[in-house]
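The values are calculated or read from the model by the stated rules, or taken from the named source; none is laboratory data. These figures come from a predicted structure and were not determined experimentally. For neighbour counting, all protein chains shown are included, and Cβ atoms are generated from backbone atoms with ideal geometry for every residue, glycine included.
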Amino acid sequence: MHEHSAQTSGLIGRSPILQQVLRAAGLVASTDVTVLILGESGTGKELLAQYLHQHSPWSSGPFVAINCAAIPEHLLESELFGHQRGAFTGANHDYGGRIRAAAGGTLFLDEIGELSLPAQAKLLRFLESGEIHPVGAPRPIPVRTRLIAATHRDLPMLVAQQLFRADLYYRLQVVPLEMPALRERADDVLELFSHFARLAAARHGRELISLDRPALRQLQRYPWPGNVRELKNLAERLTILHGSDPMPLGLACLPAELRMSGGTPKSTGGPLVDTERQMLADALQQAQGNRSQAARLLGISRDTLVYRIRKYELA
């Protein structure tokens with residue numbers, strides 16, 4: 001379902017764990033419920049948000065993305081909700097704010113775990129009332145938009161530390177979706193690399209690069225701590241440096257950290273697999289077999305837990 005459109009949106013790969021996420025996204029896209037996208041940095045959370053927008057009733061409207069970690073805290077409230085002229089020093093004109101800019105479309109709040117508590121309170125009020133109150137404005141303004149949030153932070157832990165509002169957390173995670181780490185998608189690595197190499201060749205006017213078999217095997221063996229973003233950067237770097245080389249590139253062309261890595265992709269076994277299998281078994285034992293509770297202990301979605309239980313034949 002939606003495989004072609006998933007590829008055109010940049011969500012490349014046939015691994016079961018990715019396809020499972022896309023199937024769930026396809027089902028929830030047609031609704032207007034709030035979605036919380038979880039996953040490590042670089043896994044493609046914004047691509048999944050764009051995929052949800054493209055397959056939603058809001059697709060003809062704007063897609064407005066905000067990285068909450070990239071805006072200074074003292075400006076964030078004004079940036080989100082807008083302000084009136086004279087509301088504070090430097091407010092020389094009315095500003096509608098990013099939420100109003102997303103009216104009739106989708107508002108994507110990336111790194112929502114970085115929101116300050118006052119901004120969280122105002123966001124919760126918007127979700128509950130459908131109205132925003134710009135800084136300095138005499139009355140609230142109704143805005144209709146679909147909210148998608150994303151984070152790589154452990155929000156339940158932030159809630160426990162009183163750094164994130166529990167009521168907002170529960171309001172956001174109506175439907176949680178988790179983007180898998182690239183090390184869990186070893187079978188997708190080569191297809192992704194080819195895709196990024198083609199994009200890089202077109203962007204920089206270079207010939208399409210290729211890798212020899214040992215180099216390709218190393219790509220699959222490497223654990224990719226920076227996830228898909230790291231792989232994309234590698235394809236671009238190799239294209240710029242070696243785009244005129246007629247021969248397939250070998251191990252010597254790979255960065256030292258990748259060349260020296262002895263990691264093993266999880267689909268083929270090895271120490272990383274043993275560690276994850278043991279973590280799953282421990283969580284299930286601690287939760288007395290309750291899968292939802294075990295998923296919470298591990299900080300993953302229940303669907304991801306069920307996939308990994310089947311993968312490691314733990315049930």
Leading residue by the ranking (nearest to the chain's Cα centre (by Cα)) among those in region 174-203 that are part of a loop (DSSP other than H, G, I, E, B) and within 30 Å of Gly104 (Cβ to Cβ) = Met179
Search result, residues across region 60-87 that are crowded, with 17+ Cβ neighbours inside 10 Å and under 16 Å from the mean Cα position of the chain (by Cα) = Phe63, Val64, Ala65, Ile66, Cys68
Specify the residue that is surrounded by the fewest Cβ atoms within 10 Å (Cβ to Cβ); the eligible residues are those in region 88-115 that are at pLDDT below 90, touching a helix residue (DSSP H, G or I) at 6+ places or on another chain (Cβ under 8 Å) and part of a loop (DSSP other than H, G, I, E, B).
-> Phe88
Per-region count, region 1-42, residues of a type in the set (Lys, Arg) and either at pLDDT below 90 or part of a helix (DSSP H, G or I) (or both) | 1
State all residues of region 149-173 that are buried (at least 22 other Cβ atoms within 10 Å of the Cβ), touching a Lys or Arg at 6+ places or on another chain (Cβ under 9 Å) and aliphatic (A, V, I, L, M); if no residue qualifies, say none.
-> Ala150
When restricted to Arg171, Arg206, Arg153, the only residue under 30 Å from Ala121 (Cα atoms), in a loop (DSSP other than H, G, I, E, B) and in contact (Cβ under 8 Å) with a residue 24 or more places away in the chain is Arg153
Verdict on Ala202 being among the hydrophobic types (A, V, I, L, M, F, W, C) and crowded, with 16+ Cβ neighbours inside 10 Å = no
Any idea how many residues of region 130-150 are in contact (Cβ under 8 Å) with a residue 40 or more places away in the chain and assigned to a strand (DSSP E or B)?
-> 8
